[in-house]
Amino acid sequence: MGFFEQDSQEDRNKERYMKLRADYHIHSTYSRNRHGKSTIEEIAARAYEMGLEEIAITDHGPGHYMFGIKRSLMGEAKDIIKKTQKKYPNMKILYGIEANILDYEGTTDIDGEVMEHCDIILCGFHLGALFSTAGDFWNFLVKNKFAGYNKRLYSVMVEKNTRAVVKAMNKYKIDILTHPGDKIPVDIDMIAQTAEKMKILLEINNSHGHLNRDEIMKAAKYDVRFVIGSDSHTKESVGHFENALKAAVEAGLDLSRIINLEV
Ligand SMILES: [Zn+2]
Ligand SMILES: [Zn+2]
């Protein structure tokens, strides 16, 4: 066996002993229309069984027209979390939300009520968001779709999309920016610069493939930290991190920069 082969075997062994300490991106049945399949109680039981120290239940924000949590149920979800927390004193359960970017001004569905309920705020771009204006709907959905076929339009859209995300990052107290680069193309350098300034964690999403290897390499040039999110919609995938870790390793990222990975 050659030197390099041995090296990679060692790396593989190291990866095998790694685990997630916390999973901050989990959808429950409070993400509407059966988008999340498991209840908060089922998720907590599974996470506890896996030995996670901390989890966050982060259903889609109310601005998602298909899967968003009903605003009137946020209090109920929080009460269930409080009750469930008592059953697992050694595992912290946070209540959060995965908010939506709603327009090119960087408006999101994070409002006073959301802030009041939530311990942690995630935010990302989703195609099912209730866009604030018809023009933004057109830009986000239609133009971004065509941008894939037209180089000039692509660069225009990257600039516009990035501006929207950066504005949202500057405007709101966001803890984690979810799957940057997913759904719409963005300028990762600009996003990472803003994340550095605003101390926002960049997510390496285990389900969506973003940040991907190249995006991690770009973002790593800035003084930012990363978080792996399972983005699980069923209890079975809570705490899963293999795809995200693979991308981070391939990007050559110093794994101690991933805040919820136990190395
Ligand atoms: Zn998402
Ligand atoms: Zn999600």
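The values are calculated or read from the model by the stated rules, or taken from the named source; none is laboratory data. Because the structure is a prediction, the values reported are computed rather than measured. Don't worry about glycine lacking a Cβ; one is built from the backbone with ideal geometry, like all the others, and counts go over all protein chains shown.
In segment 99-108, the residue that is nearest to ASP23 (Cα to Cα) out of those that are among the polar types (S, T, N, Q) and either in a strand (DSSP E or B) or under 12 Å from the mean Cα position of the chain (by Cα) (or both) is ASN100.
Would segment 71-94 turn up any residue that is within 16 Å of ligand 2 (Cβ to nearest atom) and in contact with an Asp or Glu (Cβ under 8 Å, 6 or more places away or on another chain)? Yes; the residues of segment 71-94 include at least one that is within 16 Å of ligand 2 (Cβ to nearest atom) and in contact with an Asp or Glu (Cβ under 8 Å, 6 or more places away or on another chain).
Annotation: ASP136 fulfils all but one of (1) surrounded by fewer than 17 Cβ atoms within 10 Å (Cβ to Cβ); (2) among the charged types (D, E, K, R); (3) at pLDDT below 95; the unmet one is (1). Remark: pairs (first residue in segment 207-220, closer than 11 Å to GLY181 by Cα; second residue of a type in the set (Asp, Glu); Cβ separation under 7 Å; 6+ apart in sequence or on different chains) = HIS208/ASP182; HIS208/ASP231; HIS210/ASP182. Would segment 119-128 turn up any residue that is away from ligand 2 (no atom under 15 Å from the Cβ) and not acidic (Asp, Glu)? Scanning segment 119-128, I find no residue that is away from ligand 2 (no atom under 15 Å from the Cβ) and not acidic (Asp, Glu), so the answer is no. Filtering segment 63-98 to residues that are without any contact (Cβ under 8 Å) to a residue 24 or more places away in the chain and assigned to a loop (DSSP other than H, G, I, E, B) leaves only PRO89. For beta carbons closer than 6 Å, sequence separation of 6+ or different chains, a first residue in segment 101-113 that is within 15 Å of MET157 (Cα to Cα) and a second that is modelled with pLDDT of 95 or more and of a type in the set (Lys, Arg), the qualifying pairs are GLY106/LYS167; GLY106/LYS171. Being buried (at least 17 other Cβ atoms within 10 Å of the Cβ), farther than 30 Å from ILE93 by Cβ and either touching a helix residue (DSSP H, G or I) at 6+ places or on another chain (Cβ under 6 Å) or touching a residue at least 24 places away in the same chain (Cβ under 8 Å) (or both) is a property that ALA147 has. Any residue at all in segment 238-246 that's more than 16 Å from ligand 1 (Cβ to nearest atom), under 22 Å from MET190 (Cα atoms) and hydrophobic (A, V, I, L, M, F, W, C)? Looking through segment 238-246, none of the residues is more than 16 Å from ligand 1 (Cβ to nearest atom), under 22 Å from MET190 (Cα atoms) and hydrophobic (A, V, I, L, M, F, W, C). Each residue in segment 151-181 was checked for being assigned to a loop (DSSP other than H, G, I, E, B) and surrounded by fewer than 18 Cβ atoms within 10 Å (Cβ to Cβ), and 1 of them qualify.
The residue of segment 198-235 that is farthest from the chain's Cα centre (by Cα), among those that are surrounded by fewer than 21 Cβ atoms within 10 Å (Cβ to Cβ) and at positive phi, is LYS199. Taking segment 236-258 as the range and being at negative phi, within 16 Å of ligand 2 (Cβ to nearest atom) and under 17 Å from the mean Cα position of the chain (by Cα) as the test, the residues that pass are SER237, VAL238, HIS240, PHE241, ASN243, ALA244.
Output yes when any residue across segment 218-228 is within 12 Å of ligand 1 (Cβ to nearest atom) and not acidic (Asp, Glu), and no when none is.
No, the conditions are met nowhere in segment 218-228.
Taking the criterion of being within 16 Å of ligand 2 (Cβ to nearest atom) and either closer than 23 Å to LYS143 by Cβ or not in a loop (DSSP other than H, G, I, E, B) (or both), the residues of segment 186-210 that qualify are LEU201, LEU202, GLU203, ILE204, ASN205, HIS208, GLY209, HIS210.
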